[in-house]
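Right, one structure below, let's go through it.
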Amino acid sequence: MKRRVGILTSGGDCPGLNATLRGVAKALYERMDDDVEIIGILNGYQGLIDGDWRVMEPREFSGILTVGGTILGTKRTPFKLMRVVGDDKVDKVAAMKKNYKEMKLDCLLCLGGNGTHKTANLLAQEGLNIIGLPKTIDNDIYGTDVTFGFHTAVDIATEVIDRIHTTAGSHSRCMVVEIMGNKAGWLTLYSGIAGGADIILIPELPYTIENVCAAVEKRAKEGKAFSIIAVAEGVYDAEEARMKKKERAAKRAAAGERTATDRIARQIEEMTGCETRVCVPGHMQRGGSPSAYDRVLATRFGTYAAKLVAHEHYGVTVAMVNGHVTENPLEEIAGKSRLVPDGHGMLEVARSMGVCLG
């Protein structure tokens, strides 16, 4: 009897999803030949809820190693709504279990970030055979040293900062570059150091605008008429750090601030007199072809997942730990985030280079 392996991509897209799909598929076909069928579930968990799937052909996994996005499509289906029955009267968990059985799946592979892994663990607890694969440009999945998509995003964000240098220098401006990362600052920290940013602000280290402006003015006194500030989108200042999430949102709404980045730019200009501009590369950081590093990482993760399928080892997610591909129990990593810890080596590198961390 053929092994039927379901696979879906959920949450935000990133470079390396297709490379991972290819790694899984080619390794499964190599191990099991005609004794495996791969069932592609479209648009993430929404496709599993709706029963939107098809049997994949081996040829569909050819030529996608370098292609960005995901051939299966993706959609955000928030974990907090998974057990909520909405206006459509659909019990999402019951629907996913029903469709899993109707597809006659032996297991389901879920490629995604933190929210995806929480839902994957929920399904595992409901008795389904689940394997996770860690995807996110934020690099914030607990239990793995790196996620596919992160290194490509670092390359893209670094190129943005590189290009900002010349225009900042030409116009003697402060340039505030908003990097993706709502809770974790890995992407901003790495790209900020790689791009030579003068100030790096991340969510884990609440800043004071006085410290930021002091760093700008120090550079000016040294004859450096411009500054590059790399800001994670999820940063907040020391005052906001003492507030609850709703209080922070209300404070920003009252001030008419769309993002912390906009406020930081305005405050720098008001307090230092330095002409300031904001650059938001946004979803460009998610797009395009994966880097060589991420192609290799995605392939390693994919082939390891195929081995887990062959050994019928479920309820786990693939991980990289100390340079070795391994797996972690879903129940141990779901709902946890990997944040930049105080005292991390990269923070010490930044400080030793004279980079202001706010």
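Could you give the length gained by full extension between Asp35 and Lys336, i.e. 0.36 nm per residue of separation minus their alpha carbon distance, to one decimal place?
Values: separation 301, 0.36 × 301 = 108.36 nm, distance 3.65 nm.
Taking 0.36 nm per residue and subtracting the Cα distance, the gain is 104.7 nm.
By DSSP, what percent of the beta bridges with both residues in the chain are antiparallel, rounded to the nearest 5? Write out the running numbers ahead of the final one.
On the way: 10 of 43 bridges.
In the chain, approximately 25 percent of DSSP beta bridges are antiparallel ones.
Given H placed on each backbone N at 1.01 Å, which residues far from Ser337 in sequence or on other chains put an amide H within less than 5 Å of it?
none
Figure the gain on full extension for Ala255 and Arg76 (residue separation times 0.36 nm, minus the Cα-Cα span) and round it to one decimal in nm. Show your work: numbers first, answer last.
Working: separation 179, 0.36 × 179 = 64.44 nm, distance 2.96 nm.
Additional length available on full extension: 61.5 nm.
Given R₀ = 45 Å, FRET efficiency for Met353-Met1 by Cβ-Cβ distance, to 0.05? List each step's numbers first, then the result.
On the way: r = 59 Å, r/R0 = 1.32.
E(calc), rounded to 0.05, equals 0.15.
Quick one: which of 141-147, 42-48 comes out on top by average Cβ neighbours within 10 Å, and what's the full order, highest first? Please report the intermediate quantities before stating the final value.
Details: 141-147: 21.6, 42-48: 23.9.
So the peptides 141-147, 42-48, ranked by packing, come out 42-48, 141-147.
Shape call for the range 1-157 from the C-alpha gyration tensor, a ≥ b ≥ c root eigenvalues: rounded (a/c under 1.5), prolate (a/b greater than b/c) or oblate?
Details: a/c = 1.75, a/b = 1.09, b/c = 1.60.
Oblate, since a/c reaches 1.5 and b/c is not below a/b.
Can you list residues whose amide H is under 5 Å from Thr276's amide H, if they're 5+ apart or on another chain and H is modeled 1.01 Å from N?
Excluding prolines and chain starts, which carry no amide H, the hits are Cys174.
Report, in degrees rounded to the nearest 10, the 0 to 90 angle that the Cα long axis of helix 150-171 makes with the longest principal axis of the chain.
20 degrees
Hey, can you rank 320-333, 266-279 by average C-beta count inside 10 Å, highest first?
Working: 320-333: 15.1, 266-279: 16.9.
So the order, starting with the most tightly packed, is 266-279, 320-333.
Put +1 on the Cβ of every Lys and Arg and -1 on every Asp and Glu Cβ in the chain; which of Ala298, Leu339, Met1 then has its Cα farthest towards the positive end of the dipole?
Sorting the options by dipole projection puts first Met1.
Expressed as a whole number of Å, what is the distance separating the alpha-carbon centroids of the range 323-340 and the range 221-279?
Their Cα centres are 32 Å away from one another.
List, in order, the whole-Hz ³J(HN,Hα) value for each residue of the range 249-266 obtained from phi through the Karplus relation with A = 6.51, B = -1.76, C = 1.60 and θ = phi - 60°; use x for Gly and Pro.
For the range 249-266, the Karplus curve yields 4, 5, 4, 5, 4, 5, 8, x, 9, 6, 9, 5, 4, 4, 5, 4, 4, 4 Hz.
Let a ≥ b ≥ c be the square roots of the eigenvalues of the Cα gyration tensor of the chain; is it rounded (a/c under 1.5), or, if not, prolate (a/b larger than b/c) or oblate? Spell out each step's value before the answer.
Numbers: a/c = 2.49, a/b = 1.91, b/c = 1.30.
It is prolate, given that a/c is not under 1.5 and a/b is the larger ratio.
Using helices alone, I'd like the mean residue ellipticity at 222 nm for the chain: each DSSP H run of four-plus residues gives -39500 (n - 2.57), total over residue count, nearest 500. Please report the intermediate quantities before stating the final value.
Numbers: 13 runs with 149 residues, N = 358.
Computed ellipticity for the chain at 222 nm equals -13000 deg cm²/dmol.
Lys89 to Glu126: FRET efficiency via 1/(1 + (r/R0)^6), r the Cβ-Cβ distance, R0 30 Å, to the nearest 0.05?
On the way: r = 20 Å, r/R0 = 0.66.
My answer for the efficiency is 0.90.
Once neighbouring chains are kept in place and the probe is 1.4 Å, which whole percent of the accessible area of the chain is contributed by carbon and sulfur?
Values: 7790 of 15780 Å².
C and S fraction of accessible area: 49 percent.
Specify the inter-centroid distance of the range 52-82 and the range 119-191, based on alpha-carbon positions, in whole Å.
Cα centroid of the range 52-82 versus Cα centroid of the range 119-191: 20 Å apart.
Give me the angle, in degrees from 0 to 90, between the Cα long axis of helix 114-125 and the longest principal axis of the Cα atoms of the chain, rounded to the nearest 10.
It is inclined by approximately 30 degrees.
With a 1.4 Å probe and every protein chain left in place, work out the accessible area per residue of the range 301-348 in Å², rounded to a whole number.
Values: 2230 Å² over 48 residues.
Counting only protein heavy atoms, the per-residue value for the range 301-348 is 46 Å².
Could you rank the peptides 167-179, 73-85, 97-109 by their average count of other C-beta atoms within 10 Å per residue, with the highest value first? Could the numbers behind the result be given before it?
Numbers: 167-179: 21.0, 73-85: 14.8, 97-109: 18.2.
Packing order, densest peptide first, comes out as 167-179, 97-109, 73-85.
What does the C-alpha gyration tensor say about the overall shape of the range 33-100? Classify as rounded when a/c is under 1.5, otherwise prolate if a/b is larger than b/c, or oblate.
On the way: a/c = 3.53, a/b = 1.81, b/c = 1.95.
The shape class here is oblate.
Using alpha carbons only, how many degrees (0 to 90, rounded to 10) separate the axis of helix 92-102 from the longest principal axis of the chain?
Computed tilt is about 40 degrees.
The values are calculated or read from the model by the stated rules, or taken from the named source; none is laboratory data. No experiment lies behind these values; they were computed from the predicted model shown. Backbone-built Cβ (ideal geometry, glycine too); neighbour counts: all protein chains shown. Accessible surface is based on the protein model in full, side chains and every heavy atom, while ligands, DNA and RNA are left aside. Shrake-Rupley method; radii C 1.70, N 1.55, O 1.52, S 1.80 Å.
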